[in-house]
Amino acid sequence: MARFLYTVLYALLLPVFVARLWWRGRLNPGYRQRIAERFGLLPHRPAANGLWVHAVSVGETLAAAPYIKAMQSQYPDLPIIVTTTTPTGSEQVKRLFGERVFHMFLPYDLPVFWKPFLNRIQPGLLVVMETELWPNLMAACENKKIPVMLANARLSEKSARGYAKFSALTTPMLQRLNLVAAQNATDGQRFIGLGLPDSKMEVTGSVKFDVDLPADLTDKGAALRQQWGADRKVLALASSHANEDEQLLAIYPQLKAACPELLLLLIPRHPERFDAVTQAAKQAGLQVCRRSQSQADGQCEVYIADTMGEMLQLLSAADLVLMGGSLIEHGGHNPIEPAALGKATLTGPHYMNFAAIVDTLVEEQALAVVQPESLCEDVLAFLNDDDKRNAMGEAGLKTVAKNRGAVQRLVEISGNFLFD
């Protein structure tokens, strides 16, 4: 009954969802493209019994990338389908894999759309990255006898309380899963508390520790430093959201007074914010350069990274990285990449989406949590202390190396589902 009511409500709200796509398309035209795919009408017909990976957006796609590459390496003839919800996620899939995977947008969660979709792709296994579960999707996979694994699964205490309020929907949905591969035991127990059978939970660790760094990354980072000024300190705000860039811009004069020649590198999370961040920096009276338009010279004070797919290269050129999404109540972003680059890394207090990872890095002195009200002092404590930054960077490298291995465990589990 609960899923029936959910389906009726979802169907009634469908025009709103479509209108929202159109509205968001004002700033990002990708939302207005390939809309037919969201109704189960697909451009591809991959071979049956392939691997289907669902990664909502950019973060989940990047997390899934080492796993997908490992599956391609171990099973080179296996068809792989990747679905995303956002166009930025779609762009990441194309950048990372090109034509080596089939990409589609995930259909809306209504049975009428799932039937043609599943009949067309006929997957042998669905792997959902992190926590993106839909009641009708789970029911449709059960009806088609398609095993479903929730991989790199995480569930914050706040999210668990939210799911618990809708237990009539949540419990049957979790019970339809074949396995939850949790990042840690704490998150795993939260899934069990919501109704997941104990036998369907396994702790595999976080795939994000298996970050794959290009061999030429260090050289590219060094080349950027030569452009910017090799002796300048570079502070990067990575994956920023609204009201975070502004916080850094507000304290930039104080930072520069204590750290001359400072270059502030702003990397907005979403392309639709590139212009707004640029305008905010100009209104602050600072010398601004955009990566897509010009190189930063010695006069540039704020460098706007308004391109996609260059995060690692840009971070490799930074001295200190502050993770975005954490100075506001967004939940933070993944701090493993700068740690894997050996960069001193900071996060604000709002990191609930990556709590286990942050706790691990903090425990190993590979990351520090800073507060908005003391942001200037906290940042300067690292910018002006080379030994402190270097020690944190070394701790980050060691911590990432120590926690690798989740990808191989997921590959083994996936092989059992697909080929046993």
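Taken together, the values in this text are just the output of simple stated rules run on the coordinates, not laboratory data. Nothing here was measured: the structure is a model prediction, and the numbers come from that model. Neighbour counts are summed over all protein chains in view; Cβ atoms, including those assigned to glycine, are modelled from backbone coordinates with ideal geometry.
Its relative contact order, with pairs defined as Cα atoms under 8 Å and 6+ residues apart, puts the chain at 13 percent. Under a GNM of the chain (C-alpha, springs under 10 Å), which listed residue has the highest mean-square fluctuation: 251, 146, 80? Fluctuation is largest for 251. Between residue 265 and 235, 236, 237, 303, the built amide H atoms are under 5 Å apart, and every one of these is 5 or more places off in sequence or on another chain. Cross-link partners for residue 282 among the lysines, with Cα-Cα distance under 20 Å and sequence neighbours closer than 8 places in the same chain left out: 256.
Here the range 366-389 is scanned for amide nitrogen atoms under 16 Å from the site 7 Å beyond the Cα of residue 283 along Cα-to-Cβ, giving none. With the simple spin-label model, which puts each label point 7 Å out from Cα in the Cβ direction, the residue 9 to residue 77 separation comes to 4.7 nm. Judged by the mean number of other Cβ atoms found within 10 Å, the most tightly packed of the peptides 334-341, 410-417, 94-101 leads the ranking 334-341, 410-417, 94-101. Ordered by the number of other Cβ atoms lying within 10 Å of each residue's own Cβ, fewest first, 158, 282 fall into the sequence 158, 282. Remark: relative contact order (the range 287-420) = 19 percent; criterion is Cα-Cα distance under 8 angstrom and separation of 6 or more residues. The 3J(HN,Hα) values that the Karplus relation (6.51, -1.76, 1.60; θ = phi - 60°) gives for the range 358-375 are, in residue order, 4, 4, 4, 5, 4, 4, 8, 6, 9, 6, 10, 9, 10, 10, x, 6, 10, 4 Hz. Gly and Pro appear as x.
Each part reduced to its alpha carbon centroid, the range 1-61 and the range 96-129 end up 10 Å apart. Dipole magnitude for the chain: computed about the Cα centre from +1 point charges on Lys and Arg Cβ and -1 point charges on Asp and Glu Cβ, it is near 1660 debye. By other beta-carbon atoms within 10 Å, ranking 290, 154 with the fewest at the front produces 290, 154.
With θ taken as phi - 60° and the Karplus curve 6.51 cos²θ - 1.76 cosθ + 1.60 applied, the whole-hertz 3J(HN,Hα) list for the range 309-317 is x, 10, 4, 4, 4, 5, 5, 5, 9 Hz, x standing for glycine and proline. Full extension of the chain between residue 202 and residue 307 yields a length gain of 34.0 nm, computed as 0.36 nm times the residue separation minus the alpha carbon distance.
Here is the short version for the chain: 141, 259, 376 have no other Cys C-beta closer than 4.7 Å. Straight-line cross-link partners of residue 402 among the lysines, defined as a Cα under 27 Å from its Cα and at least 8 positions apart when in the same chain: 69, 200, 208, 220, 343, 388. Remark: the range 11-25, residue by residue, has Karplus-estimated 3J(HN,Hα) of 5, 5, 8, 3, x, 5, 4, 5, 4, 5, 4, 5, 5, 5, x Hz, where x stands for each Gly or Pro and the curve is 6.51 cos²θ - 1.76 cosθ + 1.60 at θ = phi - 60°. The residue list 403, 417, 372 was ranked by how far each Cα lies along the charge dipole of the chain toward its positive end, using unit charges on Cβ atoms, and 417 comes out on top. Among 215, 296, 368, the largest mean-square fluctuation in a Gaussian network model of the chain, built with springs joining Cα atoms closer than 10 Å, belongs to 215.
Largest GNM mean-square fluctuation among 285, 324, 30, using the chain with Cα springs under 10 Å: 285.
Counting only Cβ charges, +1 for Lys and Arg and -1 for Asp and Glu, the dipole size of the range 217-402 around its Cα centre is about 400 debye.
Under 5 Å from the amide H of residue 82 lie the amide H atoms of 53, 102, 103, 104, each residue being 5 or more positions distant or on a separate chain, with H modelled from the backbone and absent for Pro and chain starts. Between residue 157 and residue 94, what is the FRET efficiency for a Förster distance of 45 Å, r being their Cβ-Cβ separation, to the nearest 0.05? With R0 = 45 Å, the Cβ-Cβ based efficiency is 0.80. The distance linking the range 271-289 with the range 130-163 is 39 Å (Cα centroid to Cα centroid, whole angstrom). Applying 1/(1 + (r/R0)^6) with R0 = 35 Å to the Cβ-Cβ distance of residue 261 and residue 362, what FRET efficiency is obtained, to the nearest 0.05? Step by step, r from the Cβ atoms, then E = 0.70.
Distant-in-sequence amide contacts of residue 290, defined by a placed amide H-H separation under 5 Å and a gap of 5 or more residues or a different chain, comprise 304. Listed by Cβ neighbour count within 10 Å, with the fewest neighbours leading, 270, 333, 44 appear as 44, 270, 333.
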